[in-house]
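What follows is a short report on a single structure.
The values are calculated or read from the model by the stated rules, or taken from the named source; none is laboratory data. From a predicted model like this one, the values you see are computed outputs, not experimental measurements. Every residue, glycine among them, receives a Cβ derived from its backbone with ideal geometry; neighbour counts consider all protein chains shown.
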């Protein structure tokens with residue numbers, strides 16, 4: 001199985017080297033921050049002590065949790081078309097948890113003391129629980145993904161002992177994002193964050209952004225390899241993204257209602273800051289409008305059946321959704337919690353380049369792990385030739401390389417099987 | 001106006017009367033535990049510590065042990081020099097760095113305008129004399145502190161006498177407490193602080209970059225039976241005492257003059273009171 005890791009073309013090795021380069025630069029920038037202090041190497045301040053890294057943590061925990069959107073329909077509802085891509089979902093979760101963990105690690109002023117979290121366990125602290133749920137979820141996805149892939153490699157059915165772990169992973173996925181929401185939702189005086197809606201809003205935006213990324217990755221995998229994730233699987237993901245994105249936008253609307261109908265000054269001030277600027281401060285405004293427009297673009301492209309079925313517009317819609325939520329949840333949401341600050345004043349935040357490169361290093365690490373895991377998974381699937389239900393999951397060399405996701409032969413094949 | 005503070009109105013219905021040996025013993029043990037936790041277990045330190053608090057305990061009719069509080073009489077602080085004297089006394093002793101850059105400064109006690117110390121009030125209907133006064137702000141040593149709740153390593157914790165402590169050697173620098181404090185009272189060391197300290201006081205540790213610090217109510221002085229430095233430097237403008245003892249100066253001040261606390265609506269129960277009634 002692991003042999004596949006060492007067999008790759010120039011593009012494969014080049015991509016890995018590029019990622020290693022980013023990881024190295026990220027590491028150097030992180031060391032620079034610890035040499036000089038976070039003052040000159042980040043955009044953070046007394047008033048905005050959390051920024052990009054905590055945003056990345058929040059966003060990628062969501063991406064990780066969204067693996068449940070593949071596992072649940074397959075294992076609990078027997079949605080057979082997801083058989084081929086469960087492992088893609090699980091391995092994406094592994095990579096996303098790694099990005100999250102690195103992101104939270106990089107905010108620590110004294111990283112060498114990180115094990116104090118285990119030496120002095122504090123069940124009242126949400127960070128303590130975050131550490132527990134993220135590590136457990138990482139383990140669950142590695143074990144489940146790898147075991148099922150290994151069985152496929154041997155041409156056997158997945159062992160029975162793995163089932164309880166899969167069910168646990170399904171249950172565990174929303175809990176990791178719930179705990180992330182609890183970091184915010186339990187703080188007195190942080191009006192933008194402290195709402196009971198936060199957890200479900202996080203889940204909705206996660207279940208839009210995560211599967212959107214999986215659509216893009218699935219399409220990419222189909223383009224770069226002979227493995228075909230299957231048109232029905234991708235289309236089902238698109239439906240999931242559509243519903244979750246709609247809920248996410250609905251929840252944003254609810255925030256506006258509560259703030260402006262109640263006329264709660266602090267609620268209103270934060271939303272005003274985000275969307276039109278407040279007292280001359282408007283650094284988040286372009287980001288929020290870009291995010292809003294991308295969300296509308298994604299919603300349109302995914303809602304109209306013709307554009308949803310067209311691979312190119314589907315991928316554009318998925319990318320628009322992903323980046324829309326990334327801008328909102330991965331940065332603006334965190335910053336907005338500090339506006340206005342504890343004194344009713346406004347201090348703005350924008351990431352420093354050093355901070356951005358550290359974040360890029362964490363992302364590159366996730367992408368590196370994902371590339372290796374997907375390389376193994378794809379080689380196993382190509383070798384197996386057919387999925388768990390005997391359906392062909394590999395494109396023949398003669399078949400159209402253009403838009404394999406929607407190549408008619410697969411669609412008709414699936415349709416024939418179901419009839 | 002902020003809400004008035006609750007008044008400890010004489011003996012309440014839940015009063016336990018004379019403390020039983022059991023209660024006393026439990027409180028005594030709690031103090032011992034606290035002293036061990038703080039690492040003030042030298043023979044002399046321990047002796048002084050226990051003696052002072054045992055006295056306080058016996059004088060306390062509710063048998064609750066001491067609950068330290070400050071009452072800041074804003075009318076007794078008149079000139080800029082009054083505030084500076086207090087701030088300097090604290091910052092010099094505690095080796096608080098003087099960083100000019102607003103975004104990264106470290107401060108334990110400082111002044112804020114009324115509308116910033118009490119940002120949820122509508123200042124257009126507050127007397128001008130009050131609005132124009134600077135307000136000394138510091139850690140509120142809340143009875144229900146959110147910072148203690150969120151700390152993942154118990155680096156910040158509450159002593160039985162209510163002092164909210166900060167263990168600089170355990171802090172991992174996650175800044176969750178800075179985020180959770182609704183009073184902006186916590187400072188993260190964004191820069192290595194040493195170059196910003198003019199005269200280093202060898203009696204107090206210097207911090208490193210990457211940890212959070214704040215006012216610790218001069219716990220080391222409390223344990224010697226001395227009031228906090230800000231109280232000493234305030235020339236009577238800041239009262240210090242036991243909120244659980246109705247005879248203490250702070251309890252009497254609160255019982256007779258109109259006082260306010262910062263953001264009472266958050267349920268943190270701050271223990272720094274401001275006398276706003278002239279008199």
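When the residues of region B:246-270 are narrowed to those that are more than 14 Å from every other protein chain (Cβ to nearest Cβ) and either assigned to a helix (DSSP H, G or I) or touching a helix residue (DSSP H, G or I) at 6+ places or on another chain (Cβ under 6 Å) (or both), which ends up surrounded by the fewest Cβ atoms within 10 Å (Cβ to Cβ)? Only one residue fits best here, namely B:256.
Per the conditions (1) modelled with pLDDT under 95; (2) surrounded by fewer than 16 Cβ atoms within 10 Å (Cβ to Cβ), the sole criterion not satisfied by residue A:152 is (2). Check whether at least one residue in region A:148-156 is touching a residue at least 24 places away in the same chain (Cβ under 8 Å), touching a helix residue (DSSP H, G or I) at 6+ places or on another chain (Cβ under 7 Å), within 14 Å of another protein chain (Cβ to nearest Cβ) and more than 20 Å from residue A:93 (Cα to Cα), and report yes or no. No; the residues of region A:148-156 include none that is touching a residue at least 24 places away in the same chain (Cβ under 8 Å), touching a helix residue (DSSP H, G or I) at 6+ places or on another chain (Cβ under 7 Å), within 14 Å of another protein chain (Cβ to nearest Cβ) and more than 20 Å from residue A:93 (Cα to Cα).
Out of the residues in region A:179-190 meeting the condition of being surrounded by fewer than 19 Cβ atoms within 10 Å (Cβ to Cβ) and in contact (Cβ under 8 Å) with a residue 24 or more places away in the chain, tell me which one is farthest from the other protein chains (Cβ to nearest Cβ).
First pass over region A:179-190, keeping only residues surrounded by fewer than 19 Cβ atoms within 10 Å (Cβ to Cβ): A:182, A:186, A:188.
After this cut, where a residue has to be in contact (Cβ under 8 Å) with a residue 24 or more places away in the chain as well, the list is A:182, A:186.
Values: A:182: 10, A:186: 8 Å.
Ranking the candidates gives A:182 first.
Counting only helices (runs of 4 or more DSSP H) that sit wholly inside region A:265-381, those with at least 1 residues that are free of Cβ contacts under 8 Å to residues at least 12 places away in the same chain, in contact with a helix residue (DSSP H, G or I) (Cβ under 9 Å, 6 or more places away or on another chain) and within 14 Å of chain B (Cβ to nearest Cβ) are A:265-275. Looking only at region B:174-186, residues that are outside any loop (DSSP other than H, G, I, E, B) and within 7 Å of chain A (Cβ to nearest Cβ) come to 4 in all. You will find that of B:112, B:80, B:105, the residue that is at pLDDT 95 or above and out of contact with any strand residue (DSSP E or B) (no Cβ under 6 Å at 6 or more places or on another chain) is B:105 and no other. Per the conditions (1) buried (at least 24 other Cβ atoms within 10 Å of the Cβ); (2) closer than 23 Å to residue B:111 by Cβ; (3) at the interface with another protein chain (Cβ under 7 Å from one of its Cβ atoms), the sole criterion not satisfied by residue B:215 is (3). The residues listed here are B:210, B:241; of these, the one that is within 14 Å of another protein chain (Cβ to nearest Cβ), buried (at least 22 other Cβ atoms within 10 Å of the Cβ) and either in contact with a helix residue (DSSP H, G or I) (Cβ under 6 Å, 6 or more places away or on another chain) or not in a helix (DSSP H, G or I) (or both) is B:210.
Just checking, how many residues over region B:82-127 are part of a strand (DSSP E or B) and more than 9 Å from chain A (Cβ to nearest Cβ)?
Start the filter on region B:82-127 by keeping residues that are part of a strand (DSSP E or B), which leaves B:109-113.
Right, trim to more than 9 Å from chain A (Cβ to nearest Cβ) and you get B:109-111.
Of the residues in that region, 3 qualify.
Is it the case that residue B:205 is within 30 Å of residue B:267 (Cα to Cα) and part of a loop (DSSP other than H, G, I, E, B)?
Values: within 30 Å of residue B:267 (Cα to Cα): no; part of a loop (DSSP other than H, G, I, E, B): yes.
No.
Among the residues of region B:151-161, is any away from every other protein chain (no Cβ under 13 Å) and either buried (at least 20 other Cβ atoms within 10 Å of the Cβ) or touching a strand residue (DSSP E or B) at 6+ places or on another chain (Cβ under 9 Å) (or both)? Yes: region B:151-161 contains one or more residues that are away from every other protein chain (no Cβ under 13 Å) and either buried (at least 20 other Cβ atoms within 10 Å of the Cβ) or touching a strand residue (DSSP E or B) at 6+ places or on another chain (Cβ under 9 Å) (or both). Please state which one of A:14, A:62, A:24, A:55 is assigned to a helix (DSSP H, G or I), surrounded by 23 or more Cβ atoms within 10 Å (Cβ to Cβ) and more than 14 Å from every other protein chain (Cβ to nearest Cβ). That would be A:62, the only listed residue that is assigned to a helix (DSSP H, G or I), surrounded by 23 or more Cβ atoms within 10 Å (Cβ to Cβ) and more than 14 Å from every other protein chain (Cβ to nearest Cβ). Mind listing just one residue for me: the one in region A:221-259 that is closer than 17 Å to residue A:316 by Cβ and modelled with pLDDT under 95 and, of those, surrounded by the most Cβ atoms within 10 Å (Cβ to Cβ)? Ranking the candidates gives A:222 first.
Condition (residue is within 14 Å of another protein chain (Cβ to nearest Cβ) and either over 15 Å from residue A:165 (Cα atoms) or assigned to a helix (DSSP H, G or I) (or both)) applied to region A:79-89: is it met by at least one residue?
Let us first name the residues in region A:79-89 that are within 14 Å of another protein chain (Cβ to nearest Cβ), namely none.
No, region A:79-89 contains no residue that is within 14 Å of another protein chain (Cβ to nearest Cβ) and either over 15 Å from residue A:165 (Cα atoms) or assigned to a helix (DSSP H, G or I) (or both).
Filter region B:89-118 for residues that are under 17 Å from the mean Cα position of the chain (by Cα) and either within 19 Å of residue B:278 (Cβ to Cβ) or in contact (Cβ under 8 Å) with a residue 40 or more places away in the chain (or both) and give the result.
Going through region B:89-118, the residues under 17 Å from the mean Cα position of the chain (by Cα) turn out to be B:89-91, B:93-94, B:96, B:106-112, B:117.
Within region B:89-118, B:89, B:90, B:93, B:94, B:96, B:106, B:107, B:108, B:109, B:117 meet the criteria.
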